[in-house]
Amino acid sequence: MEKRYGDAWILNDIDRCSRVIQSITGVWPRDVRPPDWDIWPALQRKIEARGYHVMSKSRSLPPALRDVDSEDYFCAGSNPIPCPKPSLYAYVLERVAQRERRGLYDHILCFHEVPVTVQVLSRLIPVLKQRGYRFVTLSDYFQAVGFHPAPP
């Protein structure tokens with residue numbers, strides 16, 4: 001991503017998107033997940049200096065703070081890479097089950113704005129609720145797991 005865009009373009013894009021989100025919700029977003037989780041230390045410091053918390057699936061984070069990548073983006077576009085098998089729904093449930101086997105019952109599920117996501121979530125949410133999961137905002141999640149991002 002660095003070679004394609006550069007720091008200035010990426011920082012401007014984050015701020016531009018944040019203005020749009022604030023214009024719709026009335027709230028300036030604090031959490032950012034870079035495309036493809038592709039970020040380098042110097043850029044992460046610049047993003048954090050602007051008051052954002054950078055989301056990640058990096059193993060350097062405590063497990064409860066790592067994103068669970070749905071890989072729903074593989075199912076999008078005119079010539080998509082094959083979706084996870086046997087299905088995207090089964091794939092996400094298996095990722096959650098893998099974390100549960102390691103004693104992790106708190107998850108940040110990462111999905112994208114692709115058509116298949118709505119279909120999968122309409123099946124996934126009721127099943128996870130039946131298993132005792134709740135769906136909360138990131139702020140509430142961070143509070144529940146004892147994580148306190150630096151204030152802006």
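For region 85-106, the tally of residues that are more than 21 Å from Met55 (Cβ to Cβ) and surrounded by 18 or more Cβ atoms within 10 Å (Cβ to Cβ) stands at 1.
Residue-by-condition table, conditions (1) touching a Cys at 6+ places or on another chain (Cβ under 7 Å); (2) hydroxyl-bearing (Ser, Thr, Tyr); (3) under 19 Å from Arg33 (Cα atoms):
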| position | (1), (2), (3) |
| --- | --- |
| Phe74 | yes, no, yes |
| Pro84 | no, no, no |
| Phe111 | no, no, yes |
| Phe135 | no, no, yes |
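Within region 48-71, restricting attention to residues that are out of contact with any strand residue (DSSP E or B) (no Cβ under 9 Å at 6 or more places or on another chain) and assigned to a helix (DSSP H, G or I), the residue that is surrounded by the most Cβ atoms within 10 Å (Cβ to Cβ) is Pro63. Checked against (1) at pLDDT 85 or above; (2) hydrophobic (A, V, I, L, M, F, W, C); (3) outside the structural domain of Pro35 (by TED's automatic domain parsing), Ala49 meets all criteria but (3). Meeting the requirement of 1 or more residues that are farther than 25 Å from Val27 by Cβ, the helices (runs of 4 or more DSSP H) wholly within region 72-152 are 88-101, 115-130. From the residues in region 26-47 that are among the charged types (D, E, K, R) and part of a loop (DSSP other than H, G, I, E, B), which one is farthest from Ala8 (Cα to Cα)? That would be Arg30.
The values are calculated or read from the model by the stated rules, or taken from the named source; none is laboratory data. What you are looking at is a predicted structure, and each value in this text was computed from that prediction instead of being measured. Methodologically, a virtual Cβ is constructed for each residue, glycine included, from the backbone with ideal geometry; neighbour enumeration extends over all protein chains shown.
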